[in-house]
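Following: one structure in structure tokens, then a few remarks.
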Amino acid sequence: MVVRPWTITERNGRAYARGVGDDKAGVAVHLAALRAFEGLPPVGVTVFVEGEEEIGSPSLANLLEENHDLLRADVFVIADSGNWDVGAPAFTTTLRGLVDCTVEVRVLDHALHSGSFGGVAPDALTALCRLLATLHDERGNVAIEGLRAGPGPDLDYPLDRLEAETGVLDGVGYLGDGPVVERLWTKPSATVLAIDATRVLDASNTLAPVARAKVSVRIAPDEDPAVAMQALTDHLLRHAPWGAQVLVTDGSQGAGSVIPFQGPVADAARAAFTEAWGTEPVLIGQGGSIPMVADFQRAFPEATVLVTAVCDPDSRAHGIDESLDLADFATACLAETLFLDRLRRGDA
Ligand SMILES: [Zn+2]
């Protein structure tokens, strides 16, 4: 039997298929809420399915501008985030942004024999490693000067869950100081994504003249990406070891979001979700970006944006074993239905 990645398989109360949670279920939750009203919801609803989120929504900002009147609404419900846990609903109120760059280190105008000049002439890979090491302090806190770091919500991230999710090896510590939710959601993080250098298989006793790395920095939800990119560039130039020539080339930039959860619409959403789930929703952040949230906020600053969820910590979005908890999915459909009903009743 051939099971294709998009064929849904049901096991132990979960549906398994590529994209089943992120983000087909997000579309299905809206359709289910409309179906509950037999296609005639009690308030005006525009369904907008955005298919470019995974590549950063490059067309969306223009589209929102060109169709501003058509898409204008009091509330935008974006069902593309994660719940706090199975059975524990959440609204996402912060998303980190991202900047990245390529950094090139040059130390020689040609390669040298390491036996002839090692000990005096530097090699570019060692210089690059020393430079990259300055991105963090000894304890793993990001050491790039001038980056913002916001306070996180008052939530304890369960350590056993972190262990299960990350698979950190025995004896390997976690990075940084302070509450885990701040390190995941509201503080910057820096990662070396890749290095261009001689492959181990091809290594010879040579001092490399040039080496290159791609560095990615997740930035605080309220950070200006242009400011963060400048801070990253300044840091890399200022910490050039041994006077090495450092060239920084900007990569991509994406803003994070602070999504206020307050006012009558948020109150109606909280009440509807509490009724559906039997427990109060939690306000959480996400360490990653959903750039389209910022696009909607910019295009419709007077509207309430609600970032809701269908996935849970076991959903493994983008993985080969991506899955969706079917009971939670049904509850998410019910919650959105009850929310539309509350909007009709004028609770908001
Ligand atoms: Zn995704």
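Values in this text are rule-based calculations from the coordinates and carry no lab data. Just so it is clear, the structure is predicted and the values come from calculations on it, not from any experiment. Backbone-built Cβ (ideal geometry, glycine too); neighbour counts: all protein chains shown.
Numerical summary
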read-out: Among Pro179, Pro151, Thr191 - extreme Cα towards positive end, dipole of segment 120-221, charges at beta-carbon; value: Thr191
read-out: Stokes-Einstein D in µm²/s, Kirkwood radius over Cα pairs - the chain at 4 °C with 1.567 mPa s viscosity; value: 57 µm²/s
read-out: The chain: most fluctuating residue of Asp23, Asp154, Asp100 per GNM, C-alpha cutoff 10 Å; value: Asp154
read-out: Whole-Å semi-axes of the ellipsoid equivalent to segment 110-220 (Cα gyration tensor, √5λ, descending); value: 36, 16, 11
read-out: Taking the chain and dividing mean pair separation by its residue count, relative contact order in percent (alpha carbons under 8 Å, at least six apart); value: 35 percent
read-out: Residue among Asn62, Asn12, Asn141 with the largest mean-square fluctuation in a Gaussian network model of the chain, springs linking Cα atoms under 10 Å; value: Asn12
read-out: Surrounding net charge for Ile144, when Lys and Arg each add one and Asp and Glu each subtract one, Cβ distance under 12 Å; value: 0
read-out: Relative contact order [Cα under 8 Å, 6+ residues apart], segment 152-248, whole percent; value: 23 percent
read-out: Sequence-distant residues sharing a close amide H with Gly251 (under 5 Å, placed H); value: Asp100, Cys101, Thr102
read-out: MRE, 222 nm, helices only [DSSP H, n ≥ 4, -39500 (n - 2.57), over the chain, to nearest 500]; value: -9000 deg cm²/dmol
read-out: Choice from Arg238, Arg35, Arg161 showing the highest fluctuation, given a GNM over the chain with Cα pairs closer than 10 Å; value: Arg161
read-out: Positive-end extreme of charge dipole, segment 1-69 - chosen from Tyr16, Leu63, Thr46 (charges on Cβ); value: Tyr16
read-out: Cα-based shape type of segment 82-172, given that a ≥ b ≥ c are square roots of the gyration tensor eigenvalues and the cut on a/c is 1.5; value: prolate
read-out: Whether segment 53-109 is rounded, prolate or oblate, judged on the alpha carbon gyration tensor where a/c under 1.5 counts as rounded; value: oblate
read-out: Point-charge dipole on Cβ atoms (K/R +1, D/E -1) for the chain, about Cα centre, debye to 20; value: 520 debye
read-out: Efficiency of FRET between Thr274 and Thr9 - r from beta-carbon atoms, R0 45 angstrom, step 0.05; value: 0.90
read-out: Neighbour-count order for Ile320, Ile78, fewest beta carbons within 10 angstrom listed first; value: Ile320, Ile78
read-out: Positive-pole candidate from Leu237, Thr206, Val227, dipole of segment 197-282, charges at beta carbon; value: Thr206
read-out: Shape category assigned to segment 206-348 from the gyration tensor of Cα positions, a/c cut at 1.5; value: prolate
read-out: Centroid-to-centroid separation of segment 272-341 and segment 10-62 [C-alpha atoms, Å]; value: 10 Å
read-out: Under 12 Å, Cβ to Cβ, from Thr102 - net charge with Lys/Arg +1 and Asp/Glu -1; value: -2
read-out: Antiparallel bridge percentage (DSSP; both residues within the chain; nearest 5); value: 75 percent
read-out: Cβ-defined net charge surrounding Asp312, 13 Å radius [Lys, Arg +1; Asp, Glu -1]; value: -4
